[in-house]
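Report on one structure; see the data block that follows.
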Amino acid sequence: MSSHRLPGHPFVAYRNSTLHIENVALDALIADHGTPLFVYSKASMLSALAAYQRGLAGRNVQICYAMKANSTLGVLQVFVQAGCGFDIVSGGELDRVLAAGGDAQKVIFSGVGKTTAEMRQALAAGIGCFNVESEAELAVLSSVAVSAGLCANVSIRVNPNVDPKTHPYISTGLKDNKFGVAHEDALRIYQYAASLEGLRVTGIDCHIGSQITDSTPYLDAMDRVLDLVDAIEASGIALQHIDFGGGLGINYHQDTPPEADMLWQQLLAKVDARGHGGKKLMIEPGRSLVGNAGVCVTEVLYLKPGEHKNFCIIDAAMNDLPRPAMYQAFHTIVPLTANPAREAPTLYDVVGPVCESGDWIGRDRKLSVHAGEYLAVLSAGAYCTSMASNYNTRGRAAEVLVDDADARLIRRRETSQDQMRQEILA
């Protein structure tokens, strides 16, 4: 059997001209599940996780999957079974962790706008730590914890003002970003936190952005965080852990992010050199664990030639794959069946059926394809289904998890009846 793996996607390959994930042919899933269809490789997720585990081997570390990247229960279950904790940003995400069998004590609650109801929910569940992002939040959390007769473990998210060199919408570590407290205010805010009843200061948190492909911003941020650790502990506040967030990028289009194990060797060298190697480490990878594990299978509906543009109209849309519309993001698009003997490719904009000019999936793609055939949109495991919507009353896509030769449905296709179930006519 001839086989050709796709660059940057070790678990996606053409075998006898048919695209496979692991040992499952993607075209074999269409009859059972239709399109658009998201398909994930379990082996890809675990391989990406293993790179972090290698880089952190022998350390006291808790890897918390940043579940905003993909919060489908079947995906969460993979990481529960692998022993991961979870980084959440809402009470709903906490519900999902618990429904997937996750351990509340391994949950970190991040986010700038936690409500008092979410705080009470998380305290009652016994989560591991709150990553607090403002002085005001500290005061509210203290009040909620005291009224519940509980104590909240807190880590303060510090904004190190380091440029992550990524898209401005997913940069989180600059002065103009809404996240965290200013580096120059951090010591004073730690002293304030330590004075509040109902709070136990346990760590420091830093997260500078997403889809970072250069190690330099990480190294610069680590230096700034360790400077603060020294200052905070010199003031008499002991820190048990350092949470260094996530944000490591993946290869969407000739991107060359550092390997997770190599990056962490560099970061740990700094931690050790500053005398903090004995502290517990927490990290929160998301996209780098699931991004390249997923593909979206979609049908070509129509080919529409034009004077200036040719359009390949598919049944997946911006409600299924929002990243191009939101971030002008690139996703590689390939045919499900490779046929080198076909006619020369045509340059197309690949677009969806949603009633918006922003509904595009790929610009200026060379494709040799006919209506009724199928395409695969690669690197669709992160920030696609978790950001999907029902715009135009489109049902969210079905999702399948592949484990070697086994393909298991982990989300049924959403119907119009599903969408209208909570609505009430006058």
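Every number in this text was worked out from the coordinates using simple rules, so none of it is lab data. Small disclaimer: the values here were computed from a predicted structure and weren't measured. Virtual Cβ from ideal backbone geometry, glycine too; neighbours counted across all protein chains shown.
Per-residue packing, averaged as other Cβ atoms within 10 Å, sorts the ranges 208-218, 344-354 into the order 208-218, 344-354, beginning with the highest. The distance separating the Cα centre of the range 1-54 from that of the range 348-426 comes to 18 Å.
Note that the chain shows a convex hull volume over its alpha carbon atoms of 158 Å³ per residue. Backbone geometry of the range 408-423 corresponds, through the Karplus equation with coefficients 6.51, -1.76 and 1.60 at θ = phi - 60°, to 3J(HN,Hα) couplings of 10, 5, 10, 8, 6, 4, 7, 9, 4, 5, 4, 5, 8, 4, 8, 8 Hz, x marking Gly and Pro. Residue by residue, the range 23-37 carries 3J(HN,Hα) couplings of 10, 10, 6, 5, 5, 6, 8, 5, 4, 7, 10, x, 9, x, 9 Hz when phi is fed to the Karplus relation 6.51 cos²θ - 1.76 cosθ + 1.60 (θ = phi - 60°); x denotes Gly or Pro. One quarter of the surface of the convex hull around the alpha-carbon atoms of the range 1-76 equals 7.0 nm², the direction-averaged projected area. Packing here is the average count of other Cβ atoms within 10 Å per residue, and on that basis the peptides 98-105, 318-325, 185-192, 222-229, highest first, run 318-325, 222-229, 185-192, 98-105.
For Val201, the residues whose modelled amide H falls within less than 5 Å of its own, excluding neighbours fewer than 5 places apart on the same chain, are Val154. Residues whose amide H comes within less than 5 Å of that of Val61, counting only those at least five positions distant or on another chain, are Leu281 (H built at 1.01 Å from N in the peptide plane).
Pair-distance distribution of the range 78-168: all C-alpha pairs, bin width 5 Å, starting at 0; shares per bin in whole percent are 3, 13, 25, 21, 16, 11, 9, 2, 0. If Rh is defined by the Kirkwood formula over all Cα pairs and Rg also comes from Cα, what ratio Rg/Rh do you get for the range 250-301? Ratio of gyration radius to Kirkwood radius for the range 250-301: 1.20. Calculated on the alpha-carbon coordinates, the convex hull of the range 110-285 measures out at 115 cubic angstrom per residue.
Rounded to the nearest 10 degrees, the angle from helix 42-55 to the longest Cα principal axis of the chain is 40 degrees. Per-residue ellipticity at 222 nm, computed for the chain from helices alone with -39500 (n - 2.57) per DSSP H run of at least four residues, works out to -8500 deg cm²/dmol. By DSSP, the beta bridges lying fully in the range 110-285 are antiparallel in about 5 percent of cases. Note on the range 1-41: Kirkwood radius taken over Cα pairs, Stokes-Einstein applied at 25 °C and 0.890 mPa s, translational D equal to 230 µm² s⁻¹. Amide H contacts of Ala380: Gly294, Val295, Cys296, each under 5 Å away and 5 or more positions distant or on a separate chain (H built 1.01 Å from N in the peptide plane; Pro and chain starts excluded). Between Arg412 and Lys280, the distance separating the two model label sites (each 7 Å from Cα on the Cα→Cβ line) works out to 4.0 nm.
Counting only alpha carbon atoms, the long axis of helix 116-125 and the longest principal axis of the chain meet at about 90°. Pairs exceeding a 27 Å alpha-carbon distance, out of Lys68/Lys280; Lys106/Lys279; Lys42/Lys68; Lys68/Lys106; Lys68/Lys366; Lys42/Lys114: Lys68/Lys366; Lys42/Lys114.
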